[in-house]
């Protein structure tokens, strides 16, 4: 049995940890309120953008453009959002399970994939698995500005045009509510009909789905798309806007999910620390009572002996 001194030291350590986790929970709660509002407010815009692009692509079949077909034999691009810090529960591990778990249907390997990481945790994890980190944008997780996303989009599309990559996939965590955060994989380029490997992945940031067969434009699918500008100029402008919008939406959703996961994890840790502290307090009182009883017994025995 541990001594009173050991129990007291451990209780002091647990109480100190509980204060830290409680403070981290409060910080995560404040961040969640901010990021949740941004992510929620952004949903209608991204849904509208996704609908508009799906309609344009459906009516632009046969148009030759640098963003509509990748170079044969090039690698896949994996744009992946994660956290820069730990203590976020299963937030990062859920992404790993989504990509590489037993039930995963995705063929991302170190030989056929280049990683564009936004978040240190997944960068470290994929690097450990042997993946090549083409570019790292982890600073964007702490500096949320649309201008940073447009710069990132431009660099990734340049790699696509140069033939370094021929497919672009986005991996982020969809924020449903404070408790539920769902990792998602979306194919961004080439812009074709949605990949049906995982039906739940077709849900973007809101309730829309990128399924051309079920599009609200299905009835007039044979109508050609007439651009007021040249079709190449229009796609040159629209597709980077489309990519940037989805990346910014994924960033806001991932930040909200991270804050929610960290708040929940720290709340659980605080409760566990409180329960453990109470158990240690009981153990300390029992040890103290046992020591007092033993001391009294020894005094009485000594007096009787005299």
From 137, 146, residue being in contact with a helix residue (DSSP H, G or I) (Cβ under 6 Å, 6 or more places away or on another chain), loosely packed, with under 13 Cβ neighbours inside 10 Å and modelled with pLDDT under 95: 146
Hey, residue 228 loosely packed, with under 13 Cβ neighbours inside 10 Å and modelled with pLDDT under 90 or not: yes
Residue match in the stretch 281-289 (condition: at pLDDT 85 or above, under 38 Å from the mean Cα position of the chain (by Cα) and assigned to a helix (DSSP H, G or I)): no
Neighbours by Cβ (under 6 Å, 6+ apart or cross-chain): first from the stretch 103-127, touching a residue at least 12 places away in the same chain (Cβ under 8 Å) and on the phi > 0 side of the Ramachandran plot; second part of a helix (DSSP H, G or I) and surrounded by 15 or more Cβ atoms within 10 Å (Cβ to Cβ): 119/138; 119/141
Qualifying position, being modelled with pLDDT of 90 or more, touching a helix residue (DSSP H, G or I) at 6+ places or on another chain (Cβ under 6 Å) and in a helix (DSSP H, G or I), among 92, 84: 92
Single residue of 21, 17 found to be surrounded by 19 or more Cβ atoms within 10 Å (Cβ to Cβ), outside the structural domain of residue 166 (by TED's automatic domain parsing), closer than 30 Å to residue 267 by Cα and at pLDDT 75 or above: 21
Residue in the stretch 117-126 that is touching a helix residue (DSSP H, G or I) at 6+ places or on another chain (Cβ under 9 Å), assigned to a strand (DSSP E or B) and modelled with pLDDT under 90 present: no
Unmet criterion (only one of (1) at pLDDT below 90; (2) exposed (fewer than 15 other Cβ atoms within 10 Å of the Cβ); (3) in a helix (DSSP H, G or I)) for residue 72: (3)
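The values are calculated or read from the model by the stated rules, or taken from the named source; none is laboratory data. Here the structure is a predicted model, which means the values were calculated and not measured. Positions of Cβ are backbone-derived with ideal geometry, glycine not excepted, and every protein chain shown enters the neighbour counts.
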